[in-house]
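Comments concern the structure below.
The values are calculated or read from the model by the stated rules, or taken from the named source; none is laboratory data. Since we're looking at a predicted model, the values are computed, not measured. Cβ placement follows ideal geometry from the backbone for every residue including glycine, while neighbour counts extend to all protein chains displayed. Quick note on the areas: whole protein, heavy atoms, side chains included, nothing else; ligands and nucleic acids left out. Shrake-Rupley method; radii C 1.70, N 1.55, O 1.52, S 1.80 Å.
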Amino acid sequence: MFPACKYTLQARRCLCSVTALQRAHSPSLFCATRWSSSSSTTPRITSHYTVYPREKDPRWEGVDMERFVDEADVVVVGAGPAGLSAAIRLKQLASEQGKELRVCVVEKASQIGAHTLSGACIEPSALQELFPDWKERGAPLHTPVTEDRFGILTEKYRIPVPILPGLPMNNHGNYIVRLGHLVSWLAEQAEELEVELYPGYAAAEVLFHEDGSVKGIATNDVGISKDGSPKDTFERGMELHAKVTIFGEGCHGHLAKQLYKHFNLRQHCEPQTYAIGLKEVWVIDEKWRPGRVEHTVGWPLDRHSYGGSFLYHLNEGEPLLALGFVVGLDYQNPYMNPFREFQRWKHHPTVLPTLEGGKRIAYGARALNEGGFQSLPKLTFPGGLLVGCSPGFMNVPKIKGTHSAMKSGMMAAETIFSKLTNENLQSETEGLCVPEYEENLKNSWVWKELYSVRNIRPSCHGLFGVYGGMVYTGIFYWILRGKEPWTLKHKGLDSDQLKPAKDCTPIEYPKPDGKISFDLLSSVALSGTNHEHDQPPHLTLKNDSIPVNNNLAIYDGPEQRFCPAGVYEYVPVETGDGMRLQINAQNCVHCKTCDIKDPSQNINWVVPEGGGGPAYNGM
Amino acid sequence: MSGRVLVGVKRVIDYAVKIRVKPDKTGVVTDGVKHSMNPFCEIAVEEAVRLREKKLMKEVIAVSCGPQQCQETIRTALAMGADRGIHVEVSGKDYENLGPLQVSKIMAALAKKEEASLVIVGKQAIDGDCNQTGQMTAALLDWPQGTFASEVSVDGDGLKVEREIDGGLESVRIKMPAVVTADLRLNEPRYATLPNIMKAKKKKIASVKPADLGVELTSRLEILAVEDPPQRQSGVKVESVQDLVTKLRDSGTL
């Protein structure tokens, strides 16, 4: 069109916006493909470049898309327990053996630990292996578990269940921690070992070599406005190339989702199943019992909905309580609202007295894995591998995944290191393939542990629901240690489990009282979440008309109920009849539940500009 | 005139985070809470860098007063384009009592030491909301000031500053050396991108102590207590004007 070299960048942008204006006034000139995914009555919702490529977008003509490139030996995506353990282990080995290794970690949170959320009651086994002197180094494990309680709740009562040694949720020797603080501490240890940490920069794209192996990642572009056009502050992300890229994005990572498809890593495993965990931290008055771990199942969920609560008494000076509720995302009733189930549970006669007079100081939510052994994908591919909750090493009945995530990170580091320092290394692909990682993991305690509990979660799908699962656990796990020769299957994708709204009854939830239970928006404010408002919504829809035509029509819009941050709202259209979906992307707490549970699988969560998202402190 | 710009940046609790008052009422909880550069300081840094890019100034120096973590904030300023940084080490009780008077004394001392032609700071910090540091610095240096700037341009050997005031906009011409405080509409700050953060790691941040600058930090203010604002009472709807008058009389307002 215009001989671009003749004009300055400023002039080019002016010309582009003028032509865009001209086009806006004659919509027929827009290429039909742009508008095909939203009908004439559906307002445009998605503007992200992953759905509307910039190569075809006239507003991006002439914009410099070159990226700065840097090389490292290993790049780690995600500074969580798995990613940091991998980075730390690599540097420990490098310094032990006098080798130089450049390890870079990118993390979408503005500070490390700000997107970390977990119960958490952890087994210190992996930490002990990584830092045998963790106590002297001041790791924030201040609360050893002193008491373990388990109960089945009915609407008014609680039936105590004894926790015998040998049962998966026995917590002897474990610690209650604020995982966000543990992750910050791991980050400090990593910095001392000279790991390069870059919080505030999200990995937005996987890069590939010509031969198809992973070359590294590219961080997010900045300065794109809400409608998808470039702003004056537009700058391209940067490319970080590595010999091996470790992906530790946590549960349902968005890059991992692409890698599963690209390398067909889920060919021989079952689809991953998930739950959503909502958590609050309270400062309470008198009922504080430091070291007490309490779990319940039952009310307010029925026996066919997997889930339950946790309540941990922390011992860190102030009388702090970490409590929360987990709801399996294979629920069938589209009227289910996990946030309101959580708020409702707090009013139970055995829970309310503990919270009375207390003050809520934090709120957050995150999806977690429930698939376990059956859902483990292939872990390695040319140029990279997966660690932590991304492939999903969580031991569901034990409700612990941190120790296995850290161990997977450490094993990844050990196998990568031996490969990188092997002088006779011959690689078929430019990106290194490290299949030894998967083999070593299969021979480790992580695999054995996941194998022994593999049937407990699927056993909850039977006639007696969760109680059937408990009986199964008692017989096959406690007595037989998971050695039964069969492996039960999961039900399938969580997003396929919803029944149409007309076949289900709406659930009546009590109104929040503002003292024990709270409304959604004040909870979201407490998470400290925020995003640059002038950017394309990162909750992208493949097809803008499906939410109203499918999700709302058949399932009554379950996304307005399962999102723990109030991102999705069905509001009446401004003129005429009907509803439209409004996406309040700024509220997003990066829990990934929408990507998992959307019955149309139309929502694709992509990473927003780095630095945005929740500001959890020790969650 | 040396063409050096001194920019003050402050590390504050991020604006989206919900503040919690400490149980002992001496302040707010800051441990582990997300901090970032004060938004008005970002605008100040951006303006300083633009002046250097237009070749109107030669060097941009970013300054921050506080504990070790302030170095991250200075790094961000360096990534946005500042040439070097100065970290004035203040920690513990001194940091809790650090207010506009102490900071402006430090800025004034540094401005003289570095022979700066221009000092740019944000109009106020979002934690204290004092809106005093820029003005006090100008007074201590006996330099002219252009506060609440929404536009800054070089005019001969001085500056033309467009100020946002209650009545609208005011244009002033001030001679250099001068102090300018940045208001919201001065510019849109650029992002600190990763390649620039990596380059910033190689730029120098010098550490100094307030005593080295001859500044004494004792505060004339003593914080007695920090409390949450009182809970907002719900309003009452009235049906008629008569009702309204009765209610106002009953409450003693009329």
| Condition test on A:G113, is it open to solvent by less than 20 Å² (accessible area, probe 1.4 Å) and within 14 Å of chain B (Cβ to nearest Cβ)? | yes
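Between A:Q343, A:Q332, which is over 30 Å from A:F208 (Cα atoms) and at pLDDT 95 or above?
On the way: A:Q332 fails: at pLDDT 95 or above.
When all the criteria are applied, what remains is A:Q343.
Looking only at the range A:448-498, how many residues end up being open to solvent by 40 Å² or more (accessible area, probe 1.4 Å) and under 25 Å from the mean Cα position of the chain (by Cα)?
The first filter runs over the range A:448-498 and keeps only residues open to solvent by 40 Å² or more (accessible area, probe 1.4 Å), leaving A:448, A:451, A:461, A:463-464, A:467, A:470-471, A:475-476, A:478-481, A:483, A:485-489, A:491, A:493, A:496.
Checking the rest, the ones that are also under 25 Å from the mean Cα position of the chain (by Cα) come to A:448, A:451, A:461, A:489, A:491, A:493, A:496.
The number of residues fulfilling the criteria is 7.
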| Answer residue from the range A:117-139, given it is under 30 Å from A:G307 (Cβ atoms) and not in a loop (DSSP other than H, G, I, E, B) and is farthest from the other protein chains (Cβ to nearest Cβ) among those | A:S125
| task | Mind listing whichever residues of the range A:514-558 are surrounded by 19 or more Cβ atoms within 10 Å (Cβ to Cβ), away from every other protein chain (no Cβ under 14 Å) and among the aliphatic types (A, V, I, L, M)? | result | A:L539, A:L541, A:I546, A:V548, A:L552
| task | Only residues that are open to solvent by 10 Å² or more (accessible area, probe 1.4 Å), among the β-branched types (V, I, T) and either assigned to a loop (DSSP other than H, G, I, E, B) or free of Cβ contacts under 8 Å to residues at least 12 places away in the same chain (or both): list them for the range A:559-605, please. | result | A:V571, A:V573, A:T575
| field | Subset of the range B:3-34 (residues that are within 13 Å of another protein chain (Cβ to nearest Cβ) and touching a Cys at 6+ places or on another chain (Cβ under 6 Å)) | value | B:R11
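Which is under 17 Å from the mean Cα position of the chain (by Cα) and hydrophobic (A, V, I, L, M, F, W, C), of A:A553, A:A585? Step through it out loud before you land on a result.
Details: A:A553 fails: under 17 Å from the mean Cα position of the chain (by Cα).
Of A:A553, A:A585, the one residue that is under 17 Å from the mean Cα position of the chain (by Cα) and hydrophobic (A, V, I, L, M, F, W, C) is A:A585.
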| query | Taking the range A:381-404 on its own, how many of its residues are among the hydrophobic types (A, V, I, L, M, F, W, C) and either open to solvent by less than 10 Å² (accessible area, probe 1.4 Å) or farther than 24 Å from A:S452 by Cβ (or both)? | reply | 5
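What residue, of A:E205, A:E194, is touching a residue at least 24 places away in the same chain (Cβ under 8 Å) and either in a loop (DSSP other than H, G, I, E, B) or over 18 Å from the mean Cα position of the chain (by Cα) (or both)?
Numbers: A:E205 fails: either in a loop (DSSP other than H, G, I, E, B) or over 18 Å from the mean Cα position of the chain (by Cα) (or both).
Checking each option against the conditions leaves just A:E194.
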| task | Check the range B:162-180 and report whether any residue there is over 20 Å from the mean Cα position of the chain (by Cα), open to solvent by 50 Å² or more (accessible area, probe 1.4 Å) and within 14 Å of another protein chain (Cβ to nearest Cβ). | result | no
